[in-house]
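Heads up: the structure comes next, in C-alpha cells.
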Amino acid sequence: MSEVVLLQLIGLGVIGVGVLILLFIQSRFPRVIGFVMIVLGLFSLIALSIPQMASLPPAEEKFDVASIKTANDMAMIGQKIFFSKGQCALCHSIGPSESARCPDLKGIGAKLSREFIYESLTQPQAYIYLDYRHEGPPKDYPARMPHINKNPIGLSNNEILSVIAFLQQMSGEPITVSPSEITMPGQPAPVKTPAPASPKGKAKGKAKGKAVMKADAGLVAMAYGH
Amino acid sequence: MRNHEASHGRDLGGLNAWGLSVAGLALLAGLLGLPVTGWAEEAAGASAQVSYRDFPQLGGSRNIIWVIAQIHLLLAGFVLGVPIFAWLCEIVGWKTGEKRYDKLAKEFTKLLTSSYATTALFGGILLFMLIGFYPKLMNYLTDIFFPSFVFYCVMFLLETATLYLYWYGWDAMQEGRAKVFHLFLGFLLNVFAFFIMVVPNSWATFQASPVVIAEGSSLARAWAATWNPTWWPVNIHRLIANVVLGGFICGAYAGVRYLSAKSAEEREHYDWMGYVGNFIGVFGMLPLPFAGYWLMREIYQYNQQMGITLMGGFLSWLFILQAMLIGVLFLGANYYFWMGITYRIPGAETKYKKPILAMLVILLLCLGVWMTPHSLVASLEEARKLGGTHHPLLGVFGVMSAKMTVANLMILVTFMSFIMYWRAGKEETATWAKLARAVMSGVLGVAAIVVIVLGVWGYFVPAIVRINYFSVAQVLIVLFVMLTITPLTALLLKSARTTTEMVWGRMPPRAGYALVLNAVMVILLMTLMGYARSSSRVHWHIYGVMRDSSEYAYSPALGYAAAFMSLNTFIFCMLVAFIFWVATMGDKAKAGHGAMSAMAGGSHELDERSGR
Amino acid sequence: MKVGTHLKPALLMVGLYLFLKFVMPLFTAPLPASLIMLYLMLTFSGIMIFMTLSGTSMESFLGPIFRFISGDGQDGTMKMARLAVLALFPLLVGWQTYTSTAPSTAPPAENRTVHPAPPGEFAAMSNPVPNTPENVMQGKGLYAAYCSPCHGLFDGKGPASRGFNPPPANFKDPTTIAMLQESYLFWRIKKGGVGLSVEGMPWKSAMPRWEFELKDEQIWKIILGEYDGAGQKPRTWE
C-alpha cells in the first residue's frame, strides 16, 4: 500500500468517525469534535487528491582533497563554495545585478593579484576600508566584508585557495593557484611565505597587512551544497 | 513532568499556573544559558562534533519537531493575540461604560493565565528537542544570537510580572485612575508581548534570509543578524494574524458554549460573544493579505530563487490550498454576518435576500479565480488537448495580477457585509442621509471598478510597474474605502432611529458550527504557512549558508504535510478546549448562573458602538 | 413546497456543467476535469450557503430532502423512489471504489511546475549586454537561427513545434517571460530542459542545452531580442 493510499484511508477513517459521532451522539461537545474531524479529514483528502510531489535535495558533493588533480578542479570546487558555504553570493554578484549589496566581482581575478584577493578575504580592513555603505546610494541591508577565515564563515585555507582559483578562472585569467598548495590531511602546510599583497597597477606601499596563511589541518571531506 | 500534571489537576485559576509558568521560564533561561557558555568555547576547535541526532521510533526527528514547534507556535500566537483582543475589549468597555465588554476581557485574561503556562511548557520541550536533534545548527545560531536570547528571557520575566498585575489587579483597579493604570498595564503587557514575538521571529527569519555577519561585538553581530530583510514583514504579518487567531478562537469558544447553553441568558451572552469574536477576527483579516503581499515581495527581492520556489515552483499548489482555506474563511465569516441579519433582526430576511445573493455570487466568482491554478492538474489526454498544462484562457487567472484583484474584491465584499449588518434594522433620519448613501455607493462602485481595471491593465505593463504601483494602488483604494465609509456610517447611524431591535440568542446551531469552522480554518492556515516557510528554505537550515545534510533534507509532498497540519490543528484545538474547560470549571461551581446574567446584561446598543 | 426551490439550483448545477464541459471547448481549449470539479464544488457550496441563510429557506430546501430520505409518512411511488435512492448509495460507493482501484492504462494525472526555481548561481544575474538597437537586432538574428524553429514568431508555434508535448513556450503570453527576470531566461536557455529541477520534470522538456553551442554573450543578446520581439518587458526590481 502506497503512502498516499494509507493517508487517504486514514483521512476517510477520520471523516467516518466524525460522521458517526454526528449521527449517534447528542452531547454537544463531542459533536463539535466530530465536526472538526470531518473538516480536517476533508482538508487532508483534498490535499492528497492533487498529484503528490516531494522536493528532493540536490546531491551533496564531497570536497575530497585526493581527487583534485588540476587547477580547474579547484576552480570548480571554488564555485560551489562561492555560492554556498563561503556565503559570497549573499552580497556579491558576478556581473551587474539589481539586488547585490556589495561590489560586483566580475573580472575581479584579472584586476587583482592573487595575494591581494587572499588578503581581502582574510584581512578585509587591511588595505581598503571595505565598508560598502559609503559608496553609491544607501543600501537597505548594508554589509561589511567579514573575515572569511574566521567564524561564522570560517573557510579553511584550502577552500579559500579554491575560491581564488574560481575567481581567476571566471575572469578569464590563468589560474595561478596550483593544486600542490592544497594541504593534505596529516601533512604540515607547505611553508611558503606569500609575497606582500599589492593590487596590480597601483603597487604602493600602503598594503602593510601581511596575508598570514593559517595552517589548517585540512578537512578530509567537507560537504557542500550547490 | 509529574509535578506539572499534579498542578494541572488542582485549581488552575490561581497561583499554581503561575508557579508553573515561572518554573518553565526559569528552566528555559537555564537551558539557554548553560550549554551556550560551553559551546562558545568549543565552537572554534571541535570539528568532529555531532551534527544530528535522531529518534526514529517516534517518526523521526523532523516530524517530532514539526508537531512540537507548530503547537508551540499556535499556542504562542494565541497567547500573544489574546492580550491584544482583551485589551481592546477592555478599552471599549471603559469608553462606553458597558460592563459586559469588561467581563469579556476579564474572562479571556483568565484563559491567558493557564494557556501561558502550556505555551512555556511547549517552548521548553521544543528547546530540548532542538538542542538534542540539531546540535550543529543550534550551536551556530547561539553563536550569533546569544545576546538576543538574554533579552528574550528578560522580556519574558517582565511580561510575566505584568500579567500578574494585570490579572490579579483586575477587580482592585476598577474605578477612576486605577482603571486608567490598569489599561496602561494592559498596554505594557502588549508591548512586552510584542517583543517576545519579534525576538524569536528574528531567529526564524534569519534562517530564511540570512545576512552576512562580520566581525564585531556579539551585540553588533546579533543586531546585524536580527535586522534581516524579512524580519519586519514577518513581524507585522504575525502580529495581525495573532489578533485574527485570538478573535476567531474567542468566536469558536462562544460558539461551543452557545451550542451547549441551557438558559436564555447564556444563549444571549454567548451569541453576543460570538459576534464580537467574529467581528474582531474579520477586521484583523482584512489587512492580512496586504501584509502577506509585502512579505512575499521582500522574499522575492531578497532571493528570486526562494520567491519562485514559493509562488511558481514546488510550493505553488500550496497557495491554491491556501486560497481554498481563505475562501472558506471569507465565506464562513460572511455567512455568519448574513445569518446574523436574518436571525437577529426580525423581518429582515426578505429585505436583504437580494444583496446577500449578489455578494455571495461575487465572492464565489472571486474565489473561483483565486483557486484556478496556473499549472493545471491534467491527465495526459487532457494535457494534449490543452497543449500543455496552461489553459489558454483560464491560465491568465493563475498569476498574481488576477489573484491580487480578487483578493481585494473579496475584502471589499466582506467589508460591505459588515456595513450592511451594522445598518440593518435602522432608519437614518439625518437630512443628508440620501446624499451620504449616494456617496457611499459611489465610492464603493468606483473603487471596485478601479480595482478591476488595474487588475486587467496589470497584464499589459512591465512586472515592476504592476508590483510597485498597481498592486499598491489597489490596496490603497480598498483601505480608502474602509476609511471613508466606516466613519460616514458611524456618523449616519448616530442620529438613526432603530426600527427593529436586535434580538440576541436566536441564532441556529449552525451559526455555532460556522464559528468553529472559521477558527479551524485560521489554525489550518497557520499550520499551512508554517510548512510553507519551512519548505521555502528547501534543503537549507540557513538559506544559502548551512545545508541540511540529514536524511530529512527533502520537503515532503503536500498530502503528507496536510496530514500533519490536520494533526497539529486537532491537537491544538483539543489543548485549547482543555485549557478553557479547566479555566472555567471553577466559575460554574462558584457562581452558577448569577455571574452569567450579569455578563449578559447591558444594552443592545452594542452594534452601534462596536464599529468605532 | 415550491418546485422552484429545488429546480433552480439543480438547473444551475447541470447548466454550469454542460457549459464548462461542452460550450467552453467551442471557444477555447477544453477544461481539465479537475477544474470543472472545482467550479462545480464552489457553486454547490454557494447554493448550500444561500439556502441555509434563514430558517424558512432552509426548511423549504432541506426539509423535503430529509423527509424523503427518512421516509416519514410516505406511500406508493414515493416509498419506492426512496428505496431506489437508498439502494443507489452503496452502488455509488462501489462504483467509486471500483474506478479508483481498477488498473488502467492511462498514466496518472500530473502536476508539472512550469517555472521551477533556478539554482542559486543564476538567481541574481543581470544582463551584461547593453540594450541597444544593434544588440537587439543581433539577438533577433540569433533567435531566428536557433530558437524560431520551435518557438516561431515568439508565439510558440514554429514549424517544429507540433511534435512536442508540452509545446514550446509562447512568449507573447503575459504569463510567461513577462513574469520572469532575464537571469531566469538565461538559466533556461543555457541549461535547457535537462537542467530543470525534479518538480519541473526535466524528462518532459525538449529544450536543448545551449551552453554547448552558444556563448554567454550570445544568449544574453537572444534574451534582448526575445523580449523586444514578443513586446514584453522582463521583471525587474528597481
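The values are calculated or read from the model by the stated rules, or taken from the named source; none is laboratory data. A quick note: this is a predicted structure, and the numbers were derived from the prediction, not measured. Every residue, glycine as well, gets a Cβ built from its backbone with ideal geometry; the counts of neighbours run over all protein chains shown.
Answer with yes or no whether residue B:260 is free of Cβ contacts under 8 Å to residues at least 24 places away in the same chain, more than 12 Å from every other protein chain (Cβ to nearest Cβ) and of a type outside the set (Asp, Glu). Criteria not met by residue B:260. If only residues of the range A:16-62 that are touching a His at 6+ places or on another chain (Cβ under 9 Å) and assigned to a loop (DSSP other than H, G, I, E, B) are counted, the one that is farthest from the other protein chains (Cβ to nearest Cβ) is A:59.
Report yes if some residue within the range B:237-249 is within 14 Å of another protein chain (Cβ to nearest Cβ), surrounded by 18 or more Cβ atoms within 10 Å (Cβ to Cβ) and within 18 Å of the chain's Cα centre (by Cα); otherwise report no. Within the range B:237-249 (the criterion being within 14 Å of another protein chain (Cβ to nearest Cβ), surrounded by 18 or more Cβ atoms within 10 Å (Cβ to Cβ) and within 18 Å of the chain's Cα centre (by Cα)), the answer is yes, since at least one residue qualifies. Scan the range A:73-96 residue by residue and report those that are facing chain C (nearest Cβ under 8 Å), in contact with a helix residue (DSSP H, G or I) (Cβ under 7 Å, 6 or more places away or on another chain) and in contact (Cβ under 8 Å) with a residue 12 or more places away in the chain. Those that are facing chain C (nearest Cβ under 8 Å), in contact with a helix residue (DSSP H, G or I) (Cβ under 7 Å, 6 or more places away or on another chain) and in contact (Cβ under 8 Å) with a residue 12 or more places away in the chain: A:79, A:83, A:94.
Listed conditions (1) more than 7 Å from chain C (Cβ to nearest Cβ); (2) in a helix (DSSP H, G or I); (3) under 30 Å from residue C:163 (Cα atoms); (4) not aliphatic (A, V, I, L, M) are all met by residue B:354, apart from (3).
Where helices (runs of 4 or more DSSP H) fall wholly inside the range C:1-92, the ranges with 1 or more residues that are among the charged types (D, E, K, R) are C:4-18, C:55-70. Taken as a whole, the structure leaves residue B:527 outside the set of residues that are within 25 Å of residue B:346 (Cβ to Cβ) and among the polar types (S, T, N, Q). Return yes or no: is residue B:326 part of a helix (DSSP H, G or I) and closer than 25 Å to residue B:249 by Cα? Answer is yes for this residue.
Sort out which residues of the range B:475-503 are assigned to a loop (DSSP other than H, G, I, E, B) and surrounded by fewer than 20 Cβ atoms within 10 Å (Cβ to Cβ), and write them in order of number.
Initial filter on the range B:475-503 (assigned to a loop (DSSP other than H, G, I, E, B)): B:495-496, B:499-503.
Passing the criteria: B:495, B:496, B:499, B:500, B:501, B:503.
Do you know which residues across the range C:157-197 are at the interface with another protein chain (Cβ under 9 Å from one of its Cβ atoms) and either in a loop (DSSP other than H, G, I, E, B) or surrounded by fewer than 18 Cβ atoms within 10 Å (Cβ to Cβ) (or both)? Result: C:165, C:166, C:167, C:169, C:170, C:173, C:174, C:175, C:176, C:180, C:181, C:197.
Can you name every residue in the range C:29-85 that is among the charged types (D, E, K, R) and within 14 Å of chain B (Cβ to nearest Cβ)?
Matches in the range C:29-85: C:59 only.
Quick check on the range B:506-513. Is at least one of its residues among the hydroxyl-bearing types (Ser, Thr, Tyr), more than 26 Å from residue A:4 (Cα to Cα) and in a loop (DSSP other than H, G, I, E, B)? No, that holds for no residue.
Is it the case that the range B:375-388 has a residue that's more than 14 Å from residue C:110 (Cβ to Cβ), touching a strand residue (DSSP E or B) at 6+ places or on another chain (Cβ under 9 Å) and either of a type outside the set (Gly, Ala, Ser) or more than 7 Å from chain C (Cβ to nearest Cβ) (or both)? Yes. Scanning the range B:535-584 for residues that are part of a helix (DSSP H, G or I), at the interface with another protein chain (Cβ under 7 Å from one of its Cβ atoms) and among the hydrophobic types (A, V, I, L, M, F, W, C) yields B:558, B:562, B:563, B:570, B:573.
Beta carbons closer than 6 Å, at least 6 apart along the sequence or on distinct chains, pair a first residue in the range B:394-420 that is in contact (Cβ under 8 Å) with a residue 60 or more places away in the chain and away from chain C (no Cβ under 13 Å) with a second that is surrounded by fewer than 22 Cβ atoms within 10 Å (Cβ to Cβ) and among the polar types (S, T, N, Q) for B:419/B:489. Of everything in the range A:1-15, what is surrounded by 15 or more Cβ atoms within 10 Å (Cβ to Cβ) and either of a type in the set (A, V, I, L, M, F, W, C) or more than 12 Å from chain B (Cβ to nearest Cβ) (or both)? Give them in sequence order. A:4, A:7, A:10, A:14, A:15 - these are the residues of the range A:1-15 that are surrounded by 15 or more Cβ atoms within 10 Å (Cβ to Cβ) and either of a type in the set (A, V, I, L, M, F, W, C) or more than 12 Å from chain B (Cβ to nearest Cβ) (or both). What are the pairs with Cβ atoms under 8 angstrom where one residue, in the range B:342-355, is touching a residue at least 60 places away in the same chain (Cβ under 8 Å) and surrounded by 14 or more Cβ atoms within 10 Å (Cβ to Cβ) and the other, located anywhere, is outside any loop (DSSP other than H, G, I, E, B) and among the β-branched types (Val, Ile, Thr)? Sequence gap at least six, or different chains. So the pair list comes out as B:348/B:341; B:348/B:342; B:352/B:341; B:352/B:342. Annotation note: of C:107, C:128, the sole residue that is within 14 Å of chain A (Cβ to nearest Cβ), of a type outside the set (Ser, Thr, Tyr), without any contact (Cβ under 8 Å) to a residue 24 or more places away in the chain and part of a loop (DSSP other than H, G, I, E, B) is C:107.
Sub-7 Å Cβ pairs linking a first residue in the range B:368-382 that is closer than 20 Å to residue C:199 by Cβ and at pLDDT 80 or above to a second residue that is basic (Lys, Arg) and buried (at least 23 other Cβ atoms within 10 Å of the Cβ), at least 6 apart or interchain, number zero. Taken together, the residues in the range B:299-326 that are within 11 Å of chain C (Cβ to nearest Cβ) and in contact (Cβ under 8 Å) with a residue 60 or more places away in the chain amount to 12. Hey, does the range B:267-290 have a residue that's surrounded by fewer than 24 Cβ atoms within 10 Å (Cβ to Cβ), within 14 Å of chain A (Cβ to nearest Cβ) and touching a residue at least 60 places away in the same chain (Cβ under 8 Å)? There is at least one residue in the range B:267-290 that is surrounded by fewer than 24 Cβ atoms within 10 Å (Cβ to Cβ), within 14 Å of chain A (Cβ to nearest Cβ) and touching a residue at least 60 places away in the same chain (Cβ under 8 Å).
For the range B:281-305, residues that are at pLDDT below 85, in contact with a Ser or Thr (Cβ under 8 Å, 6 or more places away or on another chain) and part of a helix (DSSP H, G or I) total 3. Per the listing B:219, B:189, the residue uniquely away from chain A (no Cβ under 13 Å), part of a helix (DSSP H, G or I) and either touching a Phe, Trp or Tyr at 6+ places or on another chain (Cβ under 6 Å) or without any contact (Cβ under 8 Å) to a residue 40 or more places away in the chain (or both) is B:189.
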